[in-house]
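Notes follow once the structure below has been shown.
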């Protein structure tokens, strides 16, 4: 940056940092700078070029931490970008992104999954694709915990999210991997409480079936159905192959062999 615009940009970044803010909007910047929209856009453009901020979606920006100047902030802190993009919208990082945040999966998420009461126009956040999953207001913060300027599913909600919609996280292999990785830390009572509040019987059944069949320490035999089981349920809804095995306790139809998913657990 150069001249007056450089000074304005540095003052803006310094003021926001001093207030503990990690994100801001174009309108907020214009109000703070007391400049026209064109002048504000020029200041922000120079801040972007200088590596002081990231544009996470139209009109929304995130301050880059000093340690990652020159690196897109989402590469270092997904929560920073999500918090900026979903400011004032009820939301939480969920599904595969939550599994990644809790270090439950080997391969990092290729896109950012956010559960929100409303969608946004953006299709990406700082060069990562964005998938927004709409949820009702009543359920959006069940099991959500603070993560910087954003929210993320806690360990138990992350497993329930994944088991409710296995296709979103990459299928039964990823779900089995996450359950095995979480077993030592999961709070069974909290998981059941979340499931009852959400009324997510299928998610509990899938987790229970995998935990029992794969003999996952800490979870095998620890879960109970939250409703009477009256019909069979697919482990992977929409998976094209016919069921290879049926769990007689949870009435779950597996399209993968126990041996196949046990190998994932042992990796």
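The values are calculated or read from the model by the stated rules, or taken from the named source; none is laboratory data. Note that the coordinates shown come from a computational prediction; the quantities given were computed from them, not determined experimentally. FYI the Cβ positions are ideal-geometry reconstructions off the backbone, even for glycines, and counts take in every protein chain you see.
So which of 235, 223 ends up being assigned by TED's automatic domain parsing to the domain that holds residue 98, in contact with a helix residue (DSSP H, G or I) (Cβ under 7 Å, 6 or more places away or on another chain) and without any contact (Cβ under 8 Å) to a residue 60 or more places away in the chain? Unique residue meeting the criteria: 223. Checking the stated criteria, residue 108 turns out to be free of Cβ contacts under 8 Å to residues at least 12 places away in the same chain and either closer than 19 Å to residue 167 by Cβ or not in a strand (DSSP E or B) (or both).
Within this structure, residue 48 passes the test of being surrounded by fewer than 23 Cβ atoms within 10 Å (Cβ to Cβ) and modelled with pLDDT of 80 or more. Residues in segment 238-259 that are outside any loop (DSSP other than H, G, I, E, B), free of Cβ contacts under 8 Å to residues at least 40 places away in the same chain and surrounded by 14 or more Cβ atoms within 10 Å (Cβ to Cβ): 245, 247, 253. Could you list, in sequence order, all residues of segment 13-31 that are assigned to a helix (DSSP H, G or I) and in contact with a helix residue (DSSP H, G or I) (Cβ under 6 Å, 6 or more places away or on another chain)? Once the filter is applied, which keeps residues that are assigned to a helix (DSSP H, G or I) and in contact with a helix residue (DSSP H, G or I) (Cβ under 6 Å, 6 or more places away or on another chain), segment 13-31 yields 29, 30.
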